[in-house]
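A quick write-up on the structure given underneath.
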């Protein structure tokens, strides 16, 4: 599926196809991004809960991720997690966007994940900053983010963006403590 020229319906307003920053383009996911998203699964820290890591039989595979992208391509809940693409080279390097909680749609959650090969270059901060700006201009009054206490790099990105700790987001588990971070807009 080639997403070029398609109108993005969520999270963008009608007619908007991407968010562009100095070095990045945040755009609707495409089937050909599946291999990058699969790599993200392989790179996850072993402390991440099992449902967010590859299963013992290696799932999700690329075909599973392609099917998920196809299945959500035309739904209203689609593409809240946008592919992050470097302008220089045009390669997808991860995702960034908003997760909507059905119980609190006015209070979306910022989420991002980039390939390890591009860590420590400011891409996560740049992409997340663009999503925060879009959310602010769209009338949201607050954003949430959850992050593991041991994930210092992601906590640092959130702090740079003005997120502050609101305490634990649940009970401590064998995976560590999940922290709730919030940012008024």
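The values are calculated or read from the model by the stated rules, or taken from the named source; none is laboratory data. Here the structure is a predicted model, which means the values were calculated and not measured. Note: ideal-geometry Cβ built from the backbone for every residue, glycine included; neighbour counts use all protein chains shown.
Evaluate the following for residue 116: is it within 15 Å of the chain's Cα centre (by Cα), exposed (fewer than 15 other Cβ atoms within 10 Å of the Cβ) and in contact (Cβ under 8 Å) with a residue 40 or more places away in the chain?
yes
Write out, first by first residue and then by second, each pair whose Cβ atoms fall under 8 Å of each other, whose residues are 6+ apart or on separate chains, and whose first residue, in the stretch 42-55, is part of a loop (DSSP other than H, G, I, E, B) while the second is exposed (fewer than 14 other Cβ atoms within 10 Å of the Cβ) and modelled with pLDDT under 90.
Taking only residues 6 or more apart or on different chains, the pairs are 49/173.
So for the stretch 70-81 (the condition being surrounded by 17 or more Cβ atoms within 10 Å (Cβ to Cβ) and modelled with pLDDT of 95 or more), does at least one residue qualify?
Within the stretch 70-81, not a single residue is surrounded by 17 or more Cβ atoms within 10 Å (Cβ to Cβ) and modelled with pLDDT of 95 or more.
What is the one condition in (1) in a loop (DSSP other than H, G, I, E, B); (2) modelled with pLDDT of 95 or more that residue 36 does not satisfy?
Status for residue 36: all satisfied but (1).
Evaluate the stretch 70-80: report whether one residue or more is closer than 24 Å to residue 175 by Cα, part of a helix (DSSP H, G or I) and under 16 Å from the mean Cα position of the chain (by Cα).
No, the stretch 70-80 has no match at all.
Every residue, every condition in (1) surrounded by 14 or more Cβ atoms within 10 Å (Cβ to Cβ); (2) in a strand (DSSP E or B); (3) touching a strand residue (DSSP E or B) at 6+ places or on another chain (Cβ under 6 Å), yes or no:
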{"residue": "105", "(1), (2), (3)": "no, yes, no"}
{"residue": "120", "(1), (2), (3)": "no, no, no"}
{"residue": "132", "(1), (2), (3)": "yes, no, no"}
{"residue": "156", "(1), (2), (3)": "no, no, no"}
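So, in the stretch 170-185, of the ones that are assigned to a loop (DSSP other than H, G, I, E, B) and farther than 19 Å from residue 140 by Cβ, which residue ends up modelled with the highest pLDDT?
Among residues in the stretch 170-185 that are assigned to a loop (DSSP other than H, G, I, E, B) and farther than 19 Å from residue 140 by Cβ, the one modelled with the highest pLDDT is 177.
Would you call residue 136 out of contact with any strand residue (DSSP E or B) (no Cβ under 6 Å at 6 or more places or on another chain) and touching a residue at least 60 places away in the same chain (Cβ under 8 Å)?
no
Cβ-Cβ distance below 8 Å, separation of 6 or more or different chains: which pairs start in the stretch 82-97 with a residue that is on the phi > 0 side of the Ramachandran plot and surrounded by fewer than 22 Cβ atoms within 10 Å (Cβ to Cβ) and end on one that is at pLDDT below 95 and assigned to a strand (DSSP E or B)?
Going by the 8 Å Cβ cut-off, there are no qualifying pairs.
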